[in-house]
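Reading through the structure tokens given below for one structure.
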Amino acid sequence: MVRIVNAMQPLKGTFCMFKNKYEMRPTTLIILVSLFFVLCGNIAFFRNVFAIFPVSSENIVFLLFLAVGLAVLLTFVLTLVTLKYTIKPLLLILLLISSVTAYFMDNYNIVMDDEMVRSVFATDWPETFDLLSWKMGLYVLLLCVVPSLFVCRVKLVYPPVKKSVIYKIITCVASVTIIVAMILGASGHFASFFREHKPLRYYTNPSYYLYSTGKYVADLLHFSSEKTDMAALGKDARVVKVPGRDNGRPKLVVLVVGEAARADHFSLNGYAKKTNPLLQNENIVDFSKMYSCGTTTAYSVPCMFSSFTREDYSPQKGRMYENILDVLTHTKSIEILWRDNNSDSKGVALRVPYEDFQTPATNPVCADGECRDEGMLAGLDRYVAHHPGKDMLIVLHQKGNHGPAYYKRYPKEFERFQPVCRTNQLEKCSRKEIANAYDNALLYTDYFLSRVISFLRGYDGGYNTAMLYYSDHGESLGENNIYLHGLPYVIAPDAQTHVASLMWLGGGMAEVVDLQKIRQDKDLHYSHDNLFHTLLGIFNVDTQLYNRDLDLVSSQETIVL
């Protein structure tokens with residue numbers, strides 16, 4: 001411990017290069033910073049609290065206790081975890097992270113649960129730059145830089161070690177006593193707060209993101225200590241013949257993983273604006289009630305490719321077990337290629353051929369810093385030619401409707417719906433402008449999917465061709481002042497979980513699947529749970545993992561060995 005403390009001493013000069021002016025004890029500084037967090041960094045929290053417990057004579061004591069209790073809780077935690085030479089560095093780091101967190105919670109009404117933390121760690125630099133704004137800079141200035149100057153100028157007065165320990169104990173005991181007393185003093189309100197309105201705690205800053213980060217790190221540590229080797233799945237998988245469902249042609253399937261495409265903005269689902277003018281002229285099967293596994297890409301993509309249902313899935317299981325791409329690979333007769341114009345495959349494509357199309361080095365359709373999804377089609381003819389007569393699955397991971405800069409997601413010629421929001425600060429735009437920019441990006445997805453169909457149609461004579469489209473999650477566009485995505489599934493609005501999904505079948509494929517049943521059931525309630533088994537069904541893969549009830553094409557009725 002002595003070595004650790006001595007190692008931290010240089011951080012004083014690193015983090016605070018200002019002449020000390022104010023003298024105070026560490027506990028006093030912690031209390032002041034905790035009060036600052038509560039008063040200035042929790043606007044979203046109190047906005048949501050006031051919506052349920054409005055300021056009134058009946059609620060005023062509870063609201064006061066809630067604010068004080070949050071400050072006392074932070075004081076307790078910071079007192080418990082800080083050492084002599086870690087107080088200032090830790091406070092400065094928390095001020096920075098909390099200022100950015102406050103910006104997103106105040107303006108987009110998002111929360112920093114463990115899945116959002118996972119998404120943050122999975123975000124690449126281009127996605128990060130899309131989120132930067134002058135308003136965020138103002139938040140950092142007022143909620144981080146200004147209080148950090150104060151923290152740096154404070155000269156901490158430390159009592160002897162024995163007294164420091166005693167003071168810590170007194171502070172922690174006093175904090176717990178105050179919290180318990182306030183809960184008892186407004187027990188009825190707090191019972192309602194904790195039992196009936198649990199989602200409110202998601203908005204506490206920095207309390208909840210600290211808890212979420214701890215949960216995320218604990219999950220990683222648990223995984224690394226529990227298991228290092230990935231568990232194989234579907235080693236028994238093999239492609240088989242199905243009577244009446246095999247015309248002798250190999251299969252060429254393109255799976256498009258969409259980004260942030262909500263179902264109710266597809267005109268195929270009845271949306272007033274014509275966001276699918278090209279697809280509506282194709283022989284499309286539209287799944288109008290498809291629901292996502294999660295509300296972030298980092299969660300949904302591994303989940304939709306896993307063998308687990310949403311209820312049984314966890315990120316830990318996603319890392320521990322192989323996915324559908326691995327199962328198809330085990331057949332030794334299906335070629336797989338993943339092309340990505342998003343951040344990455346979120347671990348799904350680590351064991352299959354992977355190509356990154358986010359830069360002009362590989363993507364021929366790039367301009368003004370944006371590489372278009374259409375570029376992922378380049379060279380696919382060569383890929384097919386290199387695997388003659390083989391079953392093939394090609395996965396195309398779209399940039400799609402990645403927000404908040406929707407206006408960047410499409411070429412200028414697709415700006416059909418106007419006026420549009422031309423900033424990543426969505427709160428500055430009207431709902432109409434946001435929706436128009438978002439819908440123009442969907443219009444480009446419509447074009448991209450039509451290009452995929454055109455590519456497949458060129459092989460319809462020699463292959464059974466098909467395109468599947470699943471969006472990873474939906475998107476909030478300002479309804480109830482909620483933007484983007486990532487809310488915990490239990491409180492996420494339908495806009496974030498009800499996703500666009502469709503299927504196109506070439507002539508040969510239509511002969512070997514139960515097309516009548518597919519059309520008959522297209523408006524049933526489906527989810528990402530269906531993808532794993534649908535791919536097994538399309539490729540006629542026999543394995544104990546297969547569940548015919550979850551197969552959208554229901555192709556395996558009788559197996560012929």
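Coordinate-derived values only; no laboratory data. Values in this document were obtained by computation on a predicted structure and should not be read as measured data. Ideal geometry is used to build each Cβ from the backbone, glycine not excepted, and the neighbour counts take in all protein chains shown.
For Val256, the residues whose modelled amide H falls within less than 5 Å of its own, excluding neighbours fewer than 5 places apart on the same chain, are Leu396, Leu468, Tyr469, Tyr470.
Taking 25 Å as the straight-line reach from the Cα of Lys162, the lysines in range (excluding those fewer than 8 positions away in the same chain) are Lys12, Lys84, Lys88.
For the cross-link pairs Lys135/Lys432; Lys408/Lys522; Lys273/Lys412, the ones whose C-alpha atoms lie over 27 Å apart are Lys408/Lys522. Under 5 Å between amide hydrogens, built in the peptide plane, is the criterion, and for Lys241 it picks out Val560 among residues at least 5 positions away or on other chains. In the chain, the calculated helix contribution to ellipticity at 222 nm averages -13500 deg cm²/dmol per residue, counting -39,500 (n - 2.57) for every DSSP H run with n ≥ 4. Computed from the alpha carbon positions, the gyration tensor of region 195-333 leads to an equivalent ellipsoid with semi-axes of 34, 28, 11 Å, biggest first. Residue exposure proxy: Asp391, Asp494, ordered by other Cβ atoms within 10 angstrom of their Cβ from fewest to most, comes out as Asp494, Asp391. Of all DSSP-defined beta bridges confined to the chain, some 40% are antiparallel rather than parallel. The calculated pair-distance distribution of the chain uses every alpha carbon pair, bins of 10 angstrom beginning at 0, and gives 3, 16, 24, 22, 16, 11, 6, 2, 0 percent.
Each of Asp286, Asp472, Asp439 was scored by other Cβ atoms within 10 Å of its Cβ. Arranged with the fewest first, they read Asp286, Asp439, Asp472. If I model region 248-550 as equal point scatterers sitting on the Cα atoms and use the Debye formula, what is log10 I(q)/I(0) at q = 0.14, 0.15 Å⁻¹? Values, matching the q order: -1.05, -1.23. Each semi-axis of the equivalent ellipsoid for region 377-433 is √(5λ) with λ an eigenvalue of the Cα gyration tensor; in descending order they amount to 38, 12, 8 Å. Among Thr75, Thr123, a tally of other beta-carbon atoms within 10 Å of each Cβ gives an order, fewest to most, of Thr123, Thr75.
Once you divide the Cα radius of gyration of region 2-224 by 2.2 N^0.38 Å, the number left is 1.08. With Rh defined as the Kirkwood radius, the inverse of the mean 1/r over Cα pairs, the Rg/Rh of region 306-356 is 0.99.
Placing one equal scatterer on every Cα of region 118-276 and applying the Debye formula, the log10 ratio I(q)/I(0) at q = 0.15, 0.17, 0.18 Å⁻¹ is -1.40, -1.39, -1.36. Mean separation of Cα pairs under 8 Å and 6 or more residues apart, divided by the residue count, gives region 248-550 a relative contact order of 33 percent. Of the DSSP H helices in the chain, those that are both long (alpha-carbon extent of 30 Å or more along the helix axis) and hydrophobic (Kyte-Doolittle mean at least 0.5) are 60-81, 87-108, 161-185. What is the distance in Å between the Cα centres of region 251-285 and region 424-503? About 8 Å separates the Cα centre of region 251-285 from the one of region 424-503.
Within region 248-550, antiparallel bridges make up roughly 35 percent of the DSSP beta bridges whose residues both belong there.
Its convex hull of Cα atoms gives region 314-421 a direction-averaged projected area, equal to a quarter of the hull surface, of 9.0 nm².
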